[in-house]
Each structure stands twice: as structure tokens, then as C-alpha cells.
Amino acid sequence: MTLRKLFFLFWSSMAIGGLACLVLGLALQFTDQSYGFLKAEETGYNALMMAISGLMIGVFAMMGFFAYLTLNYIALGITRQKFMWTTLQGYTSVFAVAALGYMLYGYKDKLGDWLYWVLPLVLAVGSLIVASVKTRQTNKSAFVPTVFFMFVVTVLEGWPSISGETNSVSVIFMVTPLFICNTYLIMMLHKILGGNKEEADSATIAKPAS
């Protein structure tokens, strides 16, 4: 992984985040008349602010991605056994699904009666789908790390919007672009590194930038 490749992932993640927020934000605004970004009624101003928010979300997703690669590199160096680290990620992912539902239940009054079970379910299914595609493009050992990254890292990145003074629409506006950006990053990783099916395992390719 070189600085040039990291820079490409950085600006492309920003672009995808901006586009995702723009499309999602406009869809939310036109389907929910009570939804106004920063209390502004002008659609053009809303669109601009949504796009800017998306750029920031893209940056945030890239930071989380780089943090995961760093954690991955350190964990593999400590455990010296890929199986142990992969197993830990698998158990953590399963626990995180149940933990997210339990924690969201505590915010049911402000998030609604459905988000506490819909969000964990949708994220889990989406993570499994992304991991399946990743596995077909690389190898079977990439499945668990991809699920871990797509679910656990996405939840950690979006937790401020979930646990803060917010509502279900705001959570959707934050978590959805994060999930899209993370999907792009994890699917681009083996492609940008140019590895084959045996080399592009997301559990072993985290190397320092040069």
C-alpha cells in the first residue's frame, strides 16, 4: 500500500460519500416534508450542505478504514496466528449485532419502535452480502474480516449519530453513506493492490504505507 493508493482511496471515498448523501438527503427531503437539513427550506442550499456532509462522512469512513488496517496489522503481529485473530473478529461481529439491538432499545423513545431491530438486521444482512461478494473475488478467508469491518467498524463510526440527540432519519442519513463508503473501500482494497485470489485476503494485506 503506497501513499499514492491511499490518496486515491481518500478522495474517491469523499466523492462517493458526497454523492450518497446528496441522493439520500434529497430523497428523504422530498418524501418527508418535515425533514429539513439545518432547518433550511431552500432545496439548493440543502443539496449543497448534504454534499458537504457527505464529503466529511467519506473522510470519516477512510479514517475508520485506515484504523482497521492498522489494528489488523498490529493484531496479526501480536497473535502470530491468523486463525486466532479471524475467530476473534467473528465472535465480536456476532456479539455486536446483539449488543447494537440491545443498546438501540434503550434509545427507543427518540429513535422509534422499529429502528432498534431493523438497523442491526439490515446492517448484518448487508455485511454478509458484501462479504460474500468479497469472498468470490478473493478467497474464503476474507469473509469474516469483511463482515467485521462492514458491521463493527460501521457501527463504531456511526455511533455518535445513534447515541446523540437525534432521530431515526438522522441515523439513516449518517449510517447509510458510511456503509456505502465502507463497501467501496473494502471492495477496492484487493483491486487497488493488484493481488490475486491468494494474495488479496483482507486479513493479511494490511501493510504500512510507503
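The values are calculated or read from the model by the stated rules, or taken from the named source; none is laboratory data. Bear in mind the structure is a predicted one, so any value in this text is a computation, not a measurement. Positions of Cβ are backbone-derived with ideal geometry, glycine not excepted, and every protein chain shown enters the neighbour counts.
Values for this structure:
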quantity: Considering residues of the stretch 61-114 that are assigned to a helix (DSSP H, G or I) and of a type in the set (Lys, Arg) only, the residue nearest to Thr183 (Cα to Cα); calculated: Lys82
quantity: Residue match in the stretch 136-154 (condition: touching a Lys or Arg at 6+ places or on another chain (Cβ under 8 Å) and not in a helix (DSSP H, G or I)); calculated: yes
quantity: Single condition Tyr45 does not satisfy, out of (1) at pLDDT below 85; (2) within 22 Å of the chain's Cα centre (by Cα); calculated: (2)
quantity: Contacts under 8 angstrom Cβ, first residue in the stretch 97-112 being farther than 24 Å from Phe149 by Cβ, partner of a type in the set (Phe, Trp, Tyr), 6 or more apart; calculated: Tyr105/Tyr116; Tyr107/Tyr116; Lys108/Tyr116
quantity: Some residue of the stretch 84-96 being in contact with a Leu (Cβ under 6 Å, 6 or more places away or on another chain) and at pLDDT 95 or above; calculated: no
quantity: The listed residue being in contact with a Gly (Cβ under 9 Å, 6 or more places away or on another chain) and either surrounded by 14 or more Cβ atoms within 10 Å (Cβ to Cβ) or of a type in the set (A, V, I, L, M) (or both), out of Ala67, Ala47; calculated: Ala47
quantity: Answer residue from the stretch 162-188, given it is at pLDDT below 90 and more than 17 Å from Ala51 (Cα to Cα) and is surrounded by the fewest Cβ atoms within 10 Å (Cβ to Cβ) among those; calculated: Glu165
quantity: Yes/no for Gly54 being of a type in the set (Gly, Ala, Ser) and touching an Asp or Glu at 6+ places or on another chain (Cβ under 6 Å); calculated: no
quantity: Selection count, the stretch 117-143, where residues are farther than 22 Å from Leu100 by Cβ, within 18 Å of the chain's Cα centre (by Cα) and free of Cβ contacts under 8 Å to residues at least 40 places away in the same chain; calculated: 1
